[in-house]
1. Using the Kirkwood formula over every pair of different C-alpha atoms, what hydrodynamic radius in Å results for the range 182-354?
2. Be a star and scan the range 119-139 for residues whose amide nitrogen sits under 13 Å from the point 7 Å along the Cα-to-Cβ vector of D160.
3. For the chain, build the charge dipole from Cβ charges (+1 Lys, Arg; -1 Asp, Glu) around the Cα centre, then report which of L313, N267, Q240 sits farthest towards its positive end.
4. Measuring from label point to label point, each 7 Å out along Cα→Cβ, what is the A343 to E317 span in nm?
5. How many times 2.2 N^0.38 Å is the alpha carbon radius of gyration of the chain?
6. Using the structure shown, list the pairs from K68/K321; K97/K195; K36/K344; K90/K195 with a Cα-Cα distance above 32 Å, or answer none.
7. Bins of 5 Å, beginning at zero and ending with the bin holding the largest distance: percent of Cα pairs per bin for the range 36-177, please.
8. Label 7 Å along Cα→Cβ of E241; the range 108-126 residues with amide nitrogen under 14 Å?
Amino acid sequence: MKHRKDVTMTIFILFSFASSFGFCLDKSPNENFIFKAEVHVDLLFHVLAHIDTGNDAANLYSEDYAKKILNEKQKLGIDADLTNKLNSIKDIFIPDKGLRMIDFFPFGFSDYEEFIKGLNWLATDSNEKNQNDTLNLYRTKFITTQKQRDFIGKFSGILDYEYQTFYRDYWKKEQARLSVIKGQFEEFVKTNGEKILSAVMNKENKKTEFYLCLSMTRNGRGFRSRYGFGAAVKFPENKQEFVPSFITSAREITLQIINPIILKAENIDISHSSTMEGSEGFKIHMAVEYGAIYLDYLLFRKSLPEYLKNFLLFYSEAPEKEVKDKSIEELENMFKTSLKLSAKSIEYITDYANKL
């Protein structure tokens, strides 16, 4: 199933750690979806898009994106090849599970100034408790050695230089260029998200903080939000990208509830999960991935059947030109065959969906 390269992933260890730190929900807004576009979030994914982490489901590297950005800089006369800067430190970053959790770091900050200040604090060896719970979480669980702190210090410098010399102005320009399509996509998500996800949100008593990321080249990120669910997905640049980004965002949400269901059904330990393909922990990671995909299938089939074929094509292993003319029934059979889930997991997921 091609979702291993084309869709999202979530690292659930962060969720369990976050809850132990007593993260609580803000006063809930009236609507189920709270849309965000933040430069500091996009900046991080912009930089990570220049680091190739190999056969890893969390890999955000995009050669096409890196070339596009370099071309933009050359037009402006900016001599700043980000890839070369990152190559000097990526060998430290790639194998370090603690450092790799940086993907989720920016969601704990409201703006760029707080974000970069937080990174710089994390690079120190201070033992004082910080007022920001995200910083305390990372200092306690993920960034604990001097080698890691040294990396964060260098990484922060690269981020800040990129922001000051290029990305701040580039981000503003792109936000203005895509402002109309952004509003249209938000309405699309509200309308269709309410159809398939409102029952889930009501059951879990959570809303979704929804980040549209200019620099999310592939995959997505799900995280524990102040409102409950958090999802960060690619900012669609045209209407043809609405449905793929929406399907991705739906799974970022359902991944966050499917975890305990799969763990119970399969009697597995999520702490052993790994996004590195070929590892033992990757099997655990994929068990949860498949579970979320199957739950989404049930939700689309029941509440958003007009997009069920899009959903099935999105997850098809075959090239779209070979399957686009197949019937829904044929696509469903292909989908179920490709989904590697045990009968018990399917039973537990179906039971959850039926109770919504």
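1. Numbers: mean 1/r = 0.0597 Å⁻¹.
Every distinct Cα pair counted, the radius reaches 16.8 Å.
2. 119-124
3. Towards the positive end, the residue furthest out is N267.
4. 2.2 nm
5. Working: Rg = 20.1 Å, N = 356, 2.2 N^0.38 = 20.5 Å.
Scaled against compact globular proteins, the figure is 0.98.
6. Details: K68/K321 28 Å; K97/K195 37 Å; K36/K344 38 Å; K90/K195 42 Å.
The pairs that break the limit, which is 32 Å between Cα atoms, are K97/K195; K36/K344; K90/K195.
7. 2, 9, 20, 22, 21, 15, 8, 3, 1, 0
8. none
The numbers here are math on the coordinates, done by the rules we state, and not lab data. All values derive from a computational prediction rather than experimental measurement. Cβ coordinates were reconstructed from backbone atoms using ideal geometry, including for glycine residues, and neighbour counts include every protein chain displayed.
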